[in-house]
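K.L.:
Have a look at this one.
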Amino acid sequence: MPERTIDFGKYGAQGIRGYEALARQLDALADFIATPVTTRRGLMARLHYLTRTPRARAAAHDAGLTVTDRTLKAWLAGTRRPTKRNLARIDNAYRAVRRRNVARYLLARLNRAGRGTRVEIHPLNQSGVRPAHQRVLEFRTLNVRRWEALVAAWSTGDDRALDDAWIEQIVDLGSQWGQYEYVTNIGFAA
């Protein structure tokens, strides 16, 4: 397999790594709380999600929210406000726990009993590249039938494993797989 793109953007191309675009789409399907954690409503929604059961509390602790029960009660009662650092920890813990909770449902939804999901790959933006250096890149579609590695890596937040799993899926594009390592967007209707 040829080496991955080393000098991306050297001639002015713009895009993001394919696995990052895929993670954004999976995050959109996970349906996170839309209200920011900096507002009272967003904070309360996240705290209730993370503390509603002992299992949720354990998952939040595993995800990095390591505060005392007394502090949690004060936050929930509104007598104390978390610091910016703790707000970031709450949001990160919420996202991590939500990803783990949604992963099994999302895997079944994307696999569709072996039929898979059609993925649209939007090529990178070459508007800043001189015409002599532009490549011909088409809008591509690919039917992904094996989502297990992709969803597992996404749910644990393992970017390296998600990148490897993404590259394994786009190898099905034949000799053009390297051209879709960086993309503008990935879309699918699941």
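The values are calculated or read from the model by the stated rules, or taken from the named source; none is laboratory data. Because the structure is a prediction, the values reported are computed rather than measured. As a convention, Cβ positions derive from the backbone with ideal geometry for all residues, glycine included, and neighbour counts pool all protein chains shown. SASA here: full protein model, heavy atoms, side chains in, ligands and nucleic acids out. Shrake-Rupley method; radii C 1.70, N 1.55, O 1.52, S 1.80 Å.
K.L.:
Would you mind calculating the gained length between R80 and A152 on full extension (0.36 nm times residue separation, minus the Cα-Cα distance), in nm to one decimal?
P.N.:
Here the answer is 22.3 nm.
K.L.:
Residue-wise, which Karplus ³J(HN,Hα) couplings in Hz belong to the stretch 128-143, taking 6.51 cos²θ - 1.76 cosθ + 1.60, θ = phi - 60°, and x for glycine or proline?
P.N.:
Going residue by residue, I get x, 9, 4, x, 5, 9, 6, 9, 8, 10, 9, 5, 10, 10, 8, 8 Hz, with x marking Gly and Pro.
K.L.:
Thinking of the chain as a set of Cα atoms, what percent of all their pairs are more than 20 Å apart?
P.N.:
Result for the distance tail: 61 percent.
K.L.:
Report the charge-dipole magnitude of the stretch 120-190 in Debye, nearest 20, computed about the Cα centre from +1 at each Lys and Arg Cβ and -1 at each Asp and Glu Cβ.
P.N.:
300 debye
K.L.:
Where in the stretch 73-127 are there trypsin sites (Lys or Arg not before Pro) that are in a DSSP coil and have at most 15 other Cβ atoms within 10 angstrom of their Cβ?
P.N.:
Passing both the DSSP loop test and the Cβ count: R80, R115.
K.L.:
Against the globular-protein guess of 2.2 N^0.38 Å, express the Cα radius of gyration of the stretch 12-108 as a ratio, rounded to two decimals.
P.N.:
1.21
K.L.:
Can you give the accessible area of D62, probe radius 1.4 Å, in Å² rounded to 10?
P.N.:
Accessible surface of D62 is approximately 120 Å².
K.L.:
For V119, enumerate residues with amide H under 5 Å from its amide H, sequence gap 5+ or separate chain, H modeled in the peptide plane.
P.N.:
L142, N143, V144
K.L.:
May I pose another question? In the chain, what percent of the accessible surface is made up of carbon and sulfur (1.4 Å probe, ligands and nucleic acids excluded)?
P.N.:
Looking at the chain in its full context, I get 48 percent from C and S.
K.L.:
Could you state how much accessible area E148 has, in square angstrom rounded to the nearest 10, with a 1.4 Å probe and all protein chains kept in place?
P.N.:
90 Å²
K.L.:
Separate question: Calculate the spin-label point distance for E138 paired with T117, positioning each point 7 Å from the Cα along the beta-carbon direction, and give it in nanometres.
P.N.:
Placing both labels 7 Å along Cα→Cβ, they lie 2.5 nm apart.
K.L.:
Further question: As I understand it, the dipole of the chain uses +1 on the Cβ of Lys and Arg and -1 on the Cβ of Asp and Glu, about the Cα centre. Which of N185, A88, V129 lies farthest toward its positive end?
P.N.:
Value computed over the given set: A88.
K.L.:
Just want the answer: with Cβ charges of +1 for Lys and Arg and -1 for Asp and Glu, which residue in A149, A74, L162 is farthest toward the dipole's positive end in the stretch 68-190?
P.N.:
Farthest towards the positive pole: A74.
K.L.:
Averaged per residue, what accessible area in Å² does the stretch 90-190 show with a 1.4 Å probe, protein chains only?
P.N.:
52 Å²
K.L.:
Let me ask you something else. Can you tell me the dipole magnitude for the stretch 14-114 around its Cα centre, using point charges on the Cβ only (Lys, Arg +1; Asp, Glu -1), in Debye to the nearest 20?
P.N.:
For this selection, approximately 260 debye.
K.L.:
So how strong a dipole does the chain carry about its Cα centre when Lys and Arg Cβ are +1 and Asp and Glu Cβ are -1, to the nearest 20 debye?
P.N.:
1240 debye
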